[in-house]
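One structure is given here, and the rest of the page talks about it.
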């Protein structure tokens, strides 16, 4: 059967099977984030509000090193943020890259989506836009992030961004990008993610998180996917877009995530990365590669309560 026919059947099958409300969030902070977003969904609120609230929770955690305030510094000791958000009914996107001195990056991304015709604003101009929208500027550095940068700078080592491409092994530490996917009681989808990116990155670097299809993707009729890991590798393949399109063809979320990662490893890359996905019917799954010592997890909250999933599946050989 032709791919186009499979896609049409998958869309037809998916419509009418929406089982929201629910919310999925990645990593160990997933349950806490879901607890912030779920009350919005449980009282008939918008998936967009739920995703923003869930991600804000992680962005403002004082001891979370990979997302938001107090997160990983770049090569010159500054913390910068990337984020994006999707509103499924209109397929409207907003994103910020290399945002400086504003804590709630996902909320600025939402303003880009709702207040402008743009999709992505970056760097100092993203900060100026945030100030224009009423956000306060403040330092994103805390004692932990400052100490980490001072210890690294004292060694006099170049950023690992100048290292060889990871065809033999990935020398990066883990990345805990927060990604959330929600469907509300009206069947509306929202997807978002937020991160500091990689530690000691070159100033001006923007990773996969604010790029539609790379760090996150969704389709109102199908579902959504969110990614975490070595964004400099993953963004080259738009893995979240790949996952959603495989789901459109009828592939279950876990196998779709495996296939998207396999496309990357088949090109010879050896990296740490994970993808979680959920259909509008509530079926969810994920896959990971390169994190044998840690693994990757995501959590789902719906009317039945919490469920946490540890993903240890390597891409299929």
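The numbers here are math on the coordinates, done by the rules we state, and not lab data. Computed from a predicted model, the values in this text were never measured in an experiment. Positions of Cβ are backbone-derived with ideal geometry, glycine not excepted, and every protein chain shown enters the neighbour counts.
Roughly what would the spin-label model give for residue 144 and residue 292, points 7 Å off Cα along C-beta, in nm? Modelled inter-label distance: 2.8 nm. Alpha-carbon geometry of the range 203-299: the Rg and the Dmax are 12.5, 41 Å, given in that order.
Using the Cβ-Cβ distance between residue 19 and residue 128 with R0 set to 30 Å, the FRET efficiency from 1/(1 + (r/R0)^6) comes to roughly 0.10. Panel order for 190, 159, 145, 180, by other beta carbons found within 10 Å of each beta carbon, from fewest to most: 159, 145, 190, 180. Normalising the average separation of contacting C-alpha pairs (under 8 angstrom, six or more residues apart) by the number of residues puts the relative contact order of the range 3-282 at 24 percent.
With r defined as the distance between the Cβ atoms of residue 136 and residue 236 and R0 fixed at 35 Å, what FRET efficiency is calculated, to the nearest 0.05?
Between residue 136 and residue 236 the formula returns 0.50.
For the chain, the mean projected area of the C-alpha convex hull, equal to one quarter of the hull surface, is 15.6 nm². Sorting 208, 35 by the number of Cβ atoms found within 10 Å of their own Cβ, with the fewest placed first, yields 35, 208. Helix 30-42 axis versus longest C-alpha principal axis of the chain: approximately 50°, rounded to the nearest ten.
Between the Cα long axis of helix 47-59 and the first principal axis of the chain there is an angle of about 30°, rounded to the nearest 10. Residue exposure proxy: 22, 237, 162, ordered by other Cβ atoms within 10 angstrom of their Cβ from fewest to most, comes out as 162, 237, 22. Rounding to the nearest 10 and keeping the result within 0 to 90°, find how far the Cα-based axis of helix 253-265 lies from the longest principal axis of the chain. Value to nearest ten degrees: 50.
Estimated from the Cβ-Cβ distance and a Förster radius of 51 angstrom, the FRET efficiency linking residue 76 and residue 307 is about 0.75. Separation of the range 176-253 from the range 99-132 is 18 Å, based on Cα centroids. With both labels modelled 7 Å from their Cα along Cα-to-Cβ, the residue 186 to residue 153 distance reads 4.8 nm. Could you check which residue among 301, 148, 248 shows the biggest mean-square fluctuation in a GNM of the chain with a 10 Å Cα cutoff? Per the Cα network of the chain with a 10 Å cutoff, 148 tops the list.
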